[in-house]
Amino acid sequence: MANQYRGFCTVGRAKKFRVTDVELVKQDLINHFNIRKGEKLMQPNFGSIIWSMLFEPMNDATHQAIVSDVERIVGYDPRINLQAINIDEQDHGLMVSLDLLYIPTNQSTNLSLQFDSNSNTLSTNSSY
């Protein structure tokens, strides 16, 4: 079966910039989460609120706001379905773990997003 979706990514790659299918979907999600809501020119509703929630106390309202934000962002992409969300407070940020279903191949995958408030960076870990 030929790759259904094709794209390019230079992040963390020395050569082979081509990404396809599940890998491309994950990179698209990472790109979306890397943008703070309101930061994209002429698209004030694009991006994530998680960056502004890092310094808020983790109560029910904060947790629900983050869950809603994740559901909204994942809902933009018709190639995947969100199966589960897990949010854990870390010493210097939040870990958001997503269980995803890649629809074209019915493949389950996991994407963990580490939002670090000290370094203001997003690091990832994923598995198939």
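Since every read-out is calculated from the coordinates, none of them should be taken as a lab result. Note that this is a predicted model, so its numbers are computed, not measured. Glycine gets a Cβ as well: all are built from the backbone with ideal geometry, and neighbour counts include every protein chain shown.
Here are some notes:
- Listed peptides 90-102, 47-59 by packing density, highest first (mean Cβ within 10 Å): 90-102, 47-59
- Förster-model FRET efficiency, 35 Å R0, I49 and T105, C-beta, rounded to 0.05: 0.70
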